[in-house]
Each structure stands twice: as structure tokens, then as C-alpha cells.
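The values are calculated or read from the model by the stated rules, or taken from the named source; none is laboratory data. Bear in mind that the values here come from a model prediction, so they are computed numbers and not experimental data. Methodologically, a virtual Cβ is constructed for each residue, glycine included, from the backbone with ideal geometry; neighbour enumeration extends over all protein chains shown. The protein model used for the area step is the full one, side chains on, heavy atoms only, and it has no ligands, DNA or RNA in it. Shrake-Rupley method; radii C 1.70, N 1.55, O 1.52, S 1.80 Å.
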Amino acid sequence: AVKIRDTSMEPTIKANEYIFIEFNSLLNNKDIGLFKVNNKIMVRRFYSKKGQITLKPDNKEFEELKITNSDNFYIIGKVLGK
């Protein structure tokens, strides 16, 4: 289990809730995943379209992140639930 520290996925996942991760799992569009992007760990919804990966928060106060070739990007796993 991993403890969420920010509010980027509210209301789906609230800050200070624990989530369960399936490590090294394949992700489909709209799946919630645990990612490492440029040495920052984050939970976001995964979208892939024509080779472009976008990570989107559920909380609209946070911006989506488009992954580029210059990003150090790693999918840690798929969020199974809380």
C-alpha cells in the first residue's frame, strides 16, 4: 500500500488515503497509475493516443502532464483500489 500525500486525484483518491498497487502492470486508457516522472512520484490517470502519453489528475486544479522524450518516465504500477 502507498499513502497519497497530495490532492491531485480528489475526489477519487483523497490525501492521506492508502492505495494498493499492482507493480509492473500494463495500463489502459483511463486507468489510474503510480508513475515516476523526472524523479517525482505521482498518481494520475493514464492516457495514450498515437504514442503520446498524457497523465491527467481528477482534480481540475492540477494540470495534465504530457510526457516528452526528454522526460525520465517510468510506470511503477496500476492502482487497484484503496
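Mind sorting out which of [x] 32, 28, 23; [y] 37, 35, 18; [z] 34, 23, 21 is the real Cα extents along the principal axes in Å computed from the coordinates?
Read-out from the structure maps to [x].
Ordering Leu27, Leu65, Leu55 by how much accessible area each has at a 1.4 Å probe, largest first, what is the list?
Of Leu27, Leu65, Leu55, the descending order of accessible area is Leu65, Leu27, Leu55.
Counting pairs of alpha carbon atoms under 8 Å apart in space and at least six apart in sequence, what relative contact order in percent does the chain give? Write down the numbers at each step before the final one.
Details: 181 pairs, mean separation 28.9, N = 82.
With pairs under 8 Å counted, the relative contact order is 35 percent.
Mind checking the full-extension length gain between Asn72 and Ser25? Use 0.36 nm per residue of separation minus the Cα-Cα distance, one decimal, nm. Walk me through the numbers on the way to the answer.
Working: separation 47, 0.36 × 47 = 16.92 nm, distance 1.85 nm.
Result: 15.1 nm gained on full extension.
Please compute the net charge surrounding Lys56, taking Lys and Arg as +1 and Asp and Glu as -1 over other residues with Cβ under 15 Å from its Cβ.
Numbers: positive: Lys30, Arg44, Arg45, Lys49, Lys60, Lys66; negative: Asp6, Glu10, Asp31, Asp58, Glu61, Glu63, Glu64.
Neighbourhood net charge equals -1.
Where nothing but the Cβ of Lys and Arg (+1) and of Asp and Glu (-1) is charged, how large is the charge dipole of the chain around its Cα centre, in debye to the nearest 20?
On the way: 15 positive and 10 negative charges, 30 e Å.
Rounded to the nearest 20 debye, it is 140 debye.
Tell me the per residue accessible area of the chain using a 1.4 Å probe; a whole number in Å² is fine. It would help to have the intermediate numbers written out before the result.
Working: 5510 Å² over 82 residues.
Value returned for the chain: 67 Å² of accessible area per residue.
Just the number, please: carbon plus sulfur as a percent of the accessible area of the chain, 1.4 Å probe, no ligands or DNA/RNA counted. Please report the intermediate quantities before stating the final value.
Working: 2680 of 5510 Å².
Solvent-exposed carbon and sulfur of the chain make up 49 percent of the total.
Using 0.36 nm per residue of separation minus the Cα-Cα distance, give me the extension gain between Asp6 and Phe62 in nm, one decimal. Could you put the intermediate results ahead of the total?
Values: separation 56, 0.36 × 56 = 20.16 nm, distance 1.05 nm.
19.1 nm is the gain from fully extending Asp6 to Phe62.
If the elastic network links every pair of Cα atoms under 10 Å, which of Lys30, Lys50, Lys40 fluctuates the most in the Gaussian network model of the chain?
Lys50
To make sure I understand the rule: partners must be lysines, Cα under 16 Å from the Cα of Lys14, and not fewer than 8 residues away in the same chain. Which ones qualify?
Partners within reach: Lys3, Lys56, Lys60, Lys82.
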